[in-house]
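Values quoted throughout were computed directly from the atomic coordinates according to the rules given, and no laboratory measurement underlies them. Since the structure is predicted, the reported quantities are computational estimates derived from the model, not experimental observations. Reconstructed Cβ throughout: ideal geometry from the backbone, glycine too, with neighbour counts over all protein chains shown.
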């Protein structure tokens, strides 16, 4: 990633932090679920900035493969590739029966 791309990405992530902080400060309601969702997103963005600072941005935390640029463009704070994120969501979803979650196979061994 070029230094210009890193700078642009950092600006995007910092801007998102400022937006979330503004929403937090100016929210008309104190819906605890919405507050926790914003705080979680802030943690994710802060973690992405840390990965960027340490040269590990864009590497899937589960499989170690490069996260595709399109995913990072859509979700700059993503820490998993699409396959690993899908697997994580299937594994932890309260709406997916346990038997169905076992059907999801490891994309690295295919």
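Tabulated data for the structure shown
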{"read-out": "Computed lengthening from residue 14 to residue 38, 0.36 nm per intervening residue step minus Cα-Cα distance", "value": "7.2 nm"}
{"read-out": "Rg/Rh ratio calculated on Cα atoms of region 1-57 (Kirkwood radius)", "value": "1.08"}
{"read-out": "Relative exposure of 41, 80, judged by other C-beta atoms within 10 Å (fewest first)", "value": "41, 80"}
